[in-house]
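Working notes, beginning with the structure itself.
The values are calculated or read from the model by the stated rules, or taken from the named source; none is laboratory data. Because the structure is a prediction, the values reported are computed rather than measured. No Cβ is skipped: glycine too gets one built from the backbone with ideal geometry, and neighbour counts run over all protein chains shown. Heavy atoms of the whole protein, side chains included, go into the accessibility calculation; ligands, DNA and RNA do not. Shrake-Rupley method; radii C 1.70, N 1.55, O 1.52, S 1.80 Å.
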Amino acid sequence: MKFLKNIIPNYLLNIGRKVLTVKRIFFIYFYDYKRFCKYSPVISGYNNRDKLEAKIIERYHSIEKGLTMPDFRFNFGIPVLTSLTDNCIEYNEKYGESTQLKHALSVIFEYEKKHIDSKVPLNQDTIKVLNNLKNKIKNREEFPLGQKLVFKTDYFSEVNSNFSAFSNSRKSLRNYLEDQEVDLNLITNAIEIAKNAPSACNRQSVRVYVFSDKEQIKKILKIQGGNRGFGHLTNKLIIITSDLSVWGFARERNQTFIDGGIFAMNLLYGLHFQQIGACILNCSLSPENDVKLRSLGFIRESENFISMISCGILPEKFMQAASKRHEVSEILTIIK
Ligand SMILES: Cc1cc2nc3c(=O)[nH]c(=O)nc-3n(C[C@H](O)[C@H](O)[C@H](O)COP(=O)(O)O)c2cc1C
């Protein structure tokens with residue numbers, strides 16, 4: 001090898017190294033590609049317990065969010081409710097009970113109760129779907145209501161408590177006072193806190209953009225797509241990006257997302273500490289939407305979108321989605 005190095009000109013060696021690196025990057029991405037195809041439900045469908053449970057969570061969360069929207073729409077989400085009940089029946093038949101299945105059922109029956117209590121007739125198809133569910137899953141308990149009416153003073157009452165209480169008190173909130181400004185200084189303070197986030201070799205790839213202009217926010221949120229029913233109330237929109245330029249090894253291909261995610265969580269805590277209502281929004285963009293968002297021209301080409309955060313001043317009281325967590329015993333394995 002040393003002999004070859006001595007006789008091959010440097011420029012050729014560099015070309016050779018680059019070719020090998022490109023090949024390596026291709027191999028690494030192909031490795032990810034194979035794993036994603038094999039293990040995510042995108043191709044296989046929801047063919048095991050974990051996958052079906054995740055689908056159930058995704059669908060009941062959509063109903064949970066609908067139940068907490070500032071302008072509640074009766075009979076919302078019928079297609080989601082229908083597939084959610086099908087998923088619950090399938091799960092119950094194949095795998096029996098689980099904490100998340102129980103919670104899914106509680107969300108479905110909360111949806112029904114909301115209509116009964118408000119004396120608004122349920123859609124005929126929904127009634128059929130609910131009857132079918134009640135026939136198929138008999139062992140139902142009385143469930144407590146998951147979505148809560150919360151007072152702003154209570155919501156922020158733990159901001160100076162110990163970290164456990166503080167962390168427990170932060171929630172994604174989707175209701176803001178449209179005509180009240182979030183002070184930009186408070187957002188800057190929150191970013192100051194978020195900067196404490198660790199990053200791989202302290203490379204700090206994260207960049208933050210804050211938008212105030214209503215029209216611009218509307219354009220961006222239209223591309224984001226996951227803010228129906230509350231996005232229009234956003235007073236400040238934060239976009240978190242992470243720059244690819246700082247990652248020097250092919251194996252660090254996902255580091256933008258890891259460091260960006262850690263920063264995003266810290267920023268959510270920072271915003272909560274500053275008593276700003278916030279909801280993190282995904283940037284799981286298709287390439288087409290990624291290009292669309294880039295073409296608005298505010299980020300550098302080398303930056304990846306990590307997430308957005310809608311921010312606003314909370315009303316005196318608002319609904320809070322339950323977002324039931326897994327039990328520790330369900331996610332923890334201690335290796336001895
Ligand atoms: C990366 C990420 C993307 C999210 N995207 C959305 C979104 O597009 N729309 C939305 O309403 N909530 C979104 N959420 C909020 C989740 O629904 C919420 O964090 C989850 O249900 C847990 O609830 P909590 O934040 O109140 O504890 C997102 C959360 C994360 C972490």
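Side notes on the structure shown:
- Surface composition of the chain: carbon and sulfur atoms hold 55% of the protein heavy-atom accessible area at a 1.4 Å probe.
- Under the shape rule built on the C-alpha gyration tensor, where the axes satisfy a ≥ b ≥ c, the range 44-146 is prolate, since a/c reaches at least 1.5 and a/b is greater than b/c.
- Choice from GLU53, GLU252, GLU110 with maximal GNM fluctuation in the chain (Cα, 10 Å cutoff): GLU252
- Ellipsoid semi-axes for the range 267-314, based on the Cα gyration tensor and the rule √(5λ), read 26, 11, 9 Å when sorted largest first.
- Extension gain from LEU149 to ARG251, taking 0.36 nm per residue of separation minus the Cα-Cα distance: 32.1 nm
- Additional length obtainable on full extension of the chain from ASP125 to THR188, 0.36 nm per residue less Cα span: 17.8 nm
- Fluctuation leader among TYR155, TYR31, TYR91 - the chain, Gaussian network, Cα springs under 10 angstrom: TYR31
- Out-of-range pairs (alpha-carbon distance over 31 Å; input LYS65/LYS94; LYS195/LYS236; LYS219/LYS317; LYS94/LYS292; LYS51/LYS336; LYS51/LYS138): LYS94/LYS292
- Stretch gain in nm, segment VAL210-SER169, where the contour uses 0.36 nm per residue and the Cα spacing is subtracted: 12.3 nm
- Farthest toward positive dipole pole in the chain [+1 Lys/Arg, -1 Asp/Glu at C-beta], among LEU285, PHE298, PHE27: PHE27
- Cα long-axis angle, helix 214-224 against the chain (0 to 90 degrees, to the nearest 10): 80
- Its DSSP H runs of at least 4 residues, each contributing -39,500 (n - 2.57), put the calculated 222 nm mean residue ellipticity of the chain at -16000 deg cm²/dmol, to the nearest 500.
- Think of each Lys and Arg Cβ as +1 and each Asp and Glu Cβ as -1; about the Cα centre, that makes the dipole of the range 44-146 roughly 160 debye.
- Using R0 = 30 Å, the C-beta based FRET efficiency linking SER286 and ARG203 works out to 0.60.
- Evaluated with a Cβ-only charge set (Lys, Arg +1; Asp, Glu -1), the chain carries a dipole of roughly 1380 debye about its Cα centre, given to the nearest 20.
- Summed over the residues of the chain and divided among them, the accessible surface reaches 59 Å² per residue at a probe radius of 1.4 Å.
- PHE26 versus SER40: modelled label distance in nm, points set 7 Å from Cα along the beta carbon direction: 2.3
- Here the calculated FRET efficiency for LYS134 and HIS232, from their Cβ-Cβ distance with R0 = 45 Å, stands at 0.80, rounded to the nearest 0.05.
- For the chain, the residue among PRO9, ASN266, GLN224 whose Cα projects farthest onto the positive side of the dipole built from Cβ charges is PRO9.
- If you sort the three axes of the alpha carbon gyration tensor as a ≥ b ≥ c, you get a/c of 1.5 or more for the range 149-320 and a/b no higher than b/c, which makes it oblate.
- Projecting the Cα atoms of HIS326, ILE43, VAL80 onto the dipole axis of the chain, where Lys and Arg carry +1 and Asp and Glu carry -1 at the beta carbon, places ILE43 farthest toward the positive end.
- With the highest mean first, a sort of the peptides 234-246, 287-299 on other beta-carbon atoms found within 10 angstrom per residue produces 234-246, 287-299.
- The relative contact order of the range 191-280, computed from alpha carbon pairs under 8 Å that lie at least 6 residues apart in sequence, is 44 percent.
- Rounded, prolate or oblate (a/c below 1.5 giving rounded, otherwise prolate when a/b exceeds b/c) for the range 296-336 by Cα gyration tensor: oblate
- Modelled spin-label separation between GLU97 and LEU244, with each label point placed 7 Å from Cα along the Cα-to-Cβ direction: 5.0 nm.
- Set against the 2.2 N^0.38 Å expectation for a compact globular protein, the chain has a Cα radius of gyration ratio of 1.18.
- The range 72-106 and the range 176-203 have Cα centres lying 36 Å from one another.
- Nearest-ten-degree value, helix 49-68 long axis tilted from longest Cα axis of the chain: 60
- For the chain, averaging the sequence separation of C-alpha pairs within contact (under 8 Å, six or more residues apart) and dividing by the residue count gives a relative contact order of 22 percent.
- Relative to the dominant Cα principal axis of the chain, helix 99-117 is inclined by about 50°.
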